[in-house]
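In what follows, a structure is listed as structure tokens, so that the remarks can point back to it.
Bear in mind these aren't lab numbers, they're just calculated from the coordinates by the rules spelled out. Everything quoted here is computed from the prediction, not taken from an experiment. Here Cβ is always computed from backbone atoms with ideal geometry, including for glycine, and neighbour counts include all displayed protein chains.
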Ligand code: G3P
Ligand code: CA
């Protein structure tokens, strides 16, 4: 059965990349939580998407210019809704501890020291439960050198061909779009290359969720775990 990877947690129902977003996603059937990692000025790893604090907290400016004591005091919930006032920007260590034994983790290195992430994941005994990606070539190269055994994901857009995912990018998971999934050959070529397949779909069309469920891919990276969980339980829409 296709595993649900919840992009930044259940970001439609709670502020992205918070404990609440992760908990709601798990309640809606998510198997994995996707998260983004950046560092504070004093080198503490945090779960936050943007380089700056402005969109998702009551702080301003780059997180890399703020001390951890300042980041810990921020409100990462009230921008989304009053009910989430007081939500913190999670430290990566506490967030992973929160998820350990409950979910897999798709860890995206936005900009941070990969060695710190590797040490943390190894210390927590979560190597088998996690996989990794970064848009940054530097992050990907460093991660591969430090942790060749970690599971890596690469997008088809970056890899250019399923045949290059393992050979050039040392990855075992390929991420494709719905359009790429529909194109003849990409899913078959990915399978032939021995890859796991993850489809990215950020929309809320139940028929597209059903189409992805029917494709039998390994993972879906999405914003609506509730809809995909319903689709995979009721593939024909018979209960609708
Ligand atoms: O797999 C790619 C996706 O998770 C990227 O997330 O929203 O940080 O660009 P985002
Ligand atoms: Ca991400």
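Brief remarks follow.
- Placing a label point 7 Å from the Cα of residue 167 along the Cα-to-Cβ line, the residues of segment 178-200 whose backbone N sits under 19 Å from it are 185-196.
- Based on Cα contacts under 8 Å between residues 6+ apart, the chain shows a relative contact order of 19 percent.
- Taken over segment 1-84, the alpha-carbon convex hull comes to 84 cubic angstrom per residue.
- Measuring r between the beta carbons of residue 183 and residue 67 and using R0 = 35 Å, the FRET efficiency lands at 0.15.
- Computed over segment 13-138, the ratio Rg/Rh where both radii use C-alpha atoms and Rh is Kirkwood: 0.94
- Residue order, fewest to most surrounding Cβ atoms within 10 angstrom, among 181, 198, 1: 1, 181, 198
- Projecting label points 7 angstrom from Cα along Cα→Cβ for residue 135 and residue 100 puts them 3.1 nm apart.
- Highest-first arrangement of 160-169, 33-42, where packing means the average Cβ count within 10 Å: 33-42, 160-169
- Acute angle (nearest 10 degrees) that the helix 114-124 long axis makes with the longest principal axis of the chain, alpha-carbon atoms: 80 degrees
- Altogether, the Stokes-Einstein calculation at 20 °C and 1.002 mPa s, with the Kirkwood radius of segment 44-111 over Cα pairs as Rh, returns a diffusion coefficient of 169 µm²/s.
- Segment 87-142 and segment 9-38 have Cα centres separated by 14 Å.
- Share of alpha-carbon pairs per 5 Å distance bin for the chain, given as whole %: 1, 7, 14, 17, 19, 17, 13, 8, 3, 1, 0
- Label-point gap, in nm, between residue 79 and residue 205 - each point 7 angstrom along Cα→Cβ: 3.0 nm
- Computed from Cα positions, the angle between helix 137-146 and the longest principal axis of the chain comes to roughly 90 degrees.
- Distance between the pseudo-spin-label points of residue 60 and residue 115 (7 Å out from Cα toward the beta carbon): 3.6 nm.
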